[in-house]
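Structure, as structure tokens:
The values are calculated or read from the model by the stated rules, or taken from the named source; none is laboratory data. Not measured: the values here are computed from a predicted model. Glycine gets a Cβ as well: all are built from the backbone with ideal geometry, and neighbour counts include every protein chain shown. Side chains are part of the model used for accessible areas, which takes the heavy atoms of the whole protein and leaves out ligands, DNA and RNA. Shrake-Rupley method; radii C 1.70, N 1.55, O 1.52, S 1.80 Å.
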Amino acid sequence: MSTQSSPLDRKLNHLLQAWPSGAVFTQRKLAELGIYRQLISKYTRHGWVRKLGTGAYARAGDTIDWRGGLYALQTQLGMTVHVGADTALSHLGRAHFIPLGSPQRVMLISDKAEQLPVWFRQYSWNADLRHHCLKLFDAIPDQASAQIGHGGFQILLSSPERAIMEQIRLARTNDGIDYALELMNGLSTLRPDVVQALLEACRSIKVKRLFLWAAETAQHHWMEQLDLDGIDLGKGKRQLYKGGRLDTKYQITVPPAEELPDV
């Protein structure tokens with residue numbers, strides 16, 4: 001009896017070997033591997049692959065979560081979406097004030113206007129996914145991104161310097177600003193060169209002023225290495241904290257001194 005495998009078996013074995021555990025593969029990725037629609041339908045019918053939605057698949061028996069889907073968006077669809085704001089800080093061990101609750105809240109940030117595919121938005125990830133297109137920076141240095149491993153693959157997320165700026169950008173209420181200030185208090189080891197590059201590329205006057213005020217208030221030593229003359233802080237006053245006091249240096253309203261979180 002012949003023990004040679006058929007071309008179909010070899011294709012399936014090659015596919016499964018190339019498929020990281022816990023990752024989503026898109027139709028585009030499968031086509032790159034020579035697995036076209038008719039063949040993936042056959043694999044799905046035979047239970048080797050399961051369909052998550054139009055154009056998205058997982059290996060049968062794999063446990064997947066939102067990270068597996070995000071991996072596909074980043075590496076297969078070329079999207080700018082990444083783990084950002086306080087979720088990035090939490091994944092990097094830099095946040096201790098993440099709101100508790102179930103399902104887990106996950107902040108996903110895109111650097112340009114882009115819509116997540118229907119399969120990603122509609123799949124039940126058992127997480128509270130919140131996606132924001134911020135367009136916060138004109139340019140992003142390589143050092144402002146980080147990677148974390150999850151199963152057999154890695155996903156991109158914001159560095160701490162970039163994540164706290166994203167969090168400040170998302171703060172629209174006094175409570176949101178208070179929360180960002182609490183996060184800033186724990187960021188005593190930010191890299192001044194990365195902070196400088198991001199502040200120079202940042203499009204938001206609000207973010208730049210509040211970031212600098214918060215870091216100065218927290219008495220972070222890396223502030224001393226920044227060149228404020230190279231950062232455009234705009235002109236005029238900005239009301240950020242409703243009912244707050246005016247900080248004359250940065251021309252923004254900030255929390256009253258008695259309401260500031262402990263440094």
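Quick notes
- In the stretch 168-193, the residues that are over 20 Å from Q239 (Cα atoms) reach residues that are open to solvent by 40 Å² or more (accessible area, probe 1.4 Å) and at pLDDT 95 or above with C-beta atoms within less than 6 angstrom, at least six apart or across chains, in these pairs: P192/Q225.
- So K42, is it at pLDDT below 90 and surrounded by 13 or more Cβ atoms within 10 Å (Cβ to Cβ): no
- Only residues that are among the charged types (D, E, K, R) and in contact with a strand residue (DSSP E or B) (Cβ under 8 Å, 6 or more places away or on another chain) were counted in the stretch 177-233, giving 4.
- Near pairs, Cβ below 9 angstrom, 6+ apart or cross-chain, from the stretch 40-67 (without any contact (Cβ under 8 Å) to a residue 40 or more places away in the chain and more than 26 Å from L157 (Cα to Cα)) to any residue that is hydroxyl-bearing (S, T, Y) and surrounded by 19 or more Cβ atoms within 10 Å (Cβ to Cβ): I40/Y57; Y43/Y57; T44/Y57; V49/Y43; V49/Y57; R50/Y57; K51/Y57; A60/Y43
- Checking every residue in the stretch 39-60 against the condition of being part of a loop (DSSP other than H, G, I, E, B) and closer than 14 Å to H150 by Cβ gives zero matches.
- Among the residues listed as I148, I155, the single one being more than 11 Å from G84 (Cα to Cα), part of a strand (DSSP E or B) and touching a Leu at 6+ places or on another chain (Cβ under 6 Å): I155
- Checklist (1) within 22 Å of S90 (Cα to Cα); (2) open to solvent by less than 30 Å² (accessible area, probe 1.4 Å); (3) free of Cβ contacts under 8 Å to residues at least 24 places away in the same chain; (4) more than 21 Å from the chain's Cα centre (by Cα) applied to T253, failing item: (1)
Here's the yes/no breakdown for (1) open to solvent by less than 30 Å² (accessible area, probe 1.4 Å); (2) not in a helix (DSSP H, G or I):
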position: L210; (1), (2): yes, no
position: W213; (1), (2): yes, no
position: W222; (1), (2): yes, no
position: D229; (1), (2): no, no
position: L233; (1), (2): no, yes
position: G236; (1), (2): no, yes
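- Qualifying position, being in contact with a Gly (Cβ under 8 Å, 6 or more places away or on another chain), under 20 Å from A127 (Cβ atoms), at pLDDT below 90 and among the hydrophobic types (A, V, I, L, M, F, W, C), among A95, A23: A95
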